[in-house]
1. In nanometres, what is the gap between the two model label sites at Leu68 and Leu185, each 7 Å from Cα along Cα-to-Cβ?
2. Would you order Met190, Met96, Met140 from fewest to most other beta-carbon atoms within 10 Å of each residue's own beta-carbon?
3. Given contacts defined as C-alpha pairs under 8 Å and at least six residues apart, what's the relative contact order of the stretch 65-158, whole-number percent?
4. What ³J(HN,Hα) values, in whole Hz, does the Karplus curve 6.51 cos²θ - 1.76 cosθ + 1.60 give for the stretch 170-185 when θ = phi - 60°, with x put for Gly and Pro?
5. Sequence gap at least 6, Cα distance under 8 Å: using those rules, report the relative contact order of the stretch 39-213 to the nearest whole percent.
6. In angstroms, what radius of gyration and Dmax does the stretch 65-122 have, counting Cα atoms only?
7. How large is ³J(HN,Hα), in whole Hz, for each residue of the stretch 105-114 in order, when computed from phi with the Karplus curve 6.51 cos²θ - 1.76 cosθ + 1.60 and θ = phi - 60°, using x for Gly and Pro?
8. Express the C-alpha Rg of the stretch 39-213 as a ratio against the empirical globular expectation 2.2 N^0.38 Å, rounded to two decimals.
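Coordinate-derived values only; no laboratory data. This structure is a prediction, so every number in the text was calculated from the model and none was measured. So basically every Cβ, Gly included, is an ideal-geometry build from the backbone, and we count neighbours across all protein chains shown.
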Amino acid sequence: MSSDPRHPPSAKPWLAKNYREHWWERYEFLDPLQEPWQPVSKIALAAWLIFYALFLLYAARVPQGQSLFIDLVFLPIHECGHLLFGFLGNQTLMVMGGTILQLFVPLAIAVYFVFQRQLTGAAFAAFFFFENFLQIGTYMADARAQQLPLVNIGGGEGIHDWGYLFAKFGVINQDMAIGKTVRALGWLGMIAVAAWLGWRGRAKAQSAGSANLN
């Protein structure tokens, strides 16, 4: 019989989860996170980092208020979010639903790739999760002016999401400051993801090289 309190007798396996060293080890669905990331070649890593650098330069050159090409991918997702949350019968949730689904989709894809331990896939989805903050921040900053063109699937006069929400929550006069902050978070997030990919990919390549030498 084991005397170590962290390793209970095998006759009571149901107790094992309560004696694991870290809290997350108690949940079996988190077990894939203990696995190493899948390897990424140096050429592939360099290509991805160049892609992200070029995208950041492109995004920085596009005037605020103009959409990036990737926004055309997320626009239908945003509109579907309005339709989906509209079934709940609450106008506030319906208006919020566009942004919720717009952010949920890339975040869910990033989480999927994290569990699959696919480094480049996780980074790609996380990068464009934060890219959405640029468009959302621009939309927020337009809450009072409402000069941006609106898309309305159902026809008729559309509702400016953030004009409605900010007015409802009493922060309409802070629309510019909130929008600027959200855009800043988007930039910081994209840069952080690219830096994380470079750091993690380089560390993975170095560990693989050391293993080959051994």
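1. 1.7 nm
2. Values: Met190 22, Met96 18, Met140 26.
Exposure proxy ranking, most exposed first: Met96, Met190, Met140.
3. Values: 75 pairs, mean separation 21.1, N = 94.
Dividing the mean separation by the residue count of the stretch 65-158 yields 22 percent.
4. Here the 3J(HN,Hα) series is x, 10, 4, 6, 9, 4, 5, 5, 5, x, 5, 5, 5, 5, 4, 4 Hz.
5. Numbers: 184 pairs, mean separation 44.8, N = 175.
Here the relative contact order equals 26 percent.
6. 13.7, 40
7. Using θ = phi - 60°, the values come out as 4, x, 5, 5, 5, 4, 4, 4, 5, 4 Hz.
8. On the way: Rg = 18.7 Å, N = 175, 2.2 N^0.38 = 15.7 Å.
Ratio of Rg to 2.2 N^0.38 Å for the stretch 39-213: 1.19.
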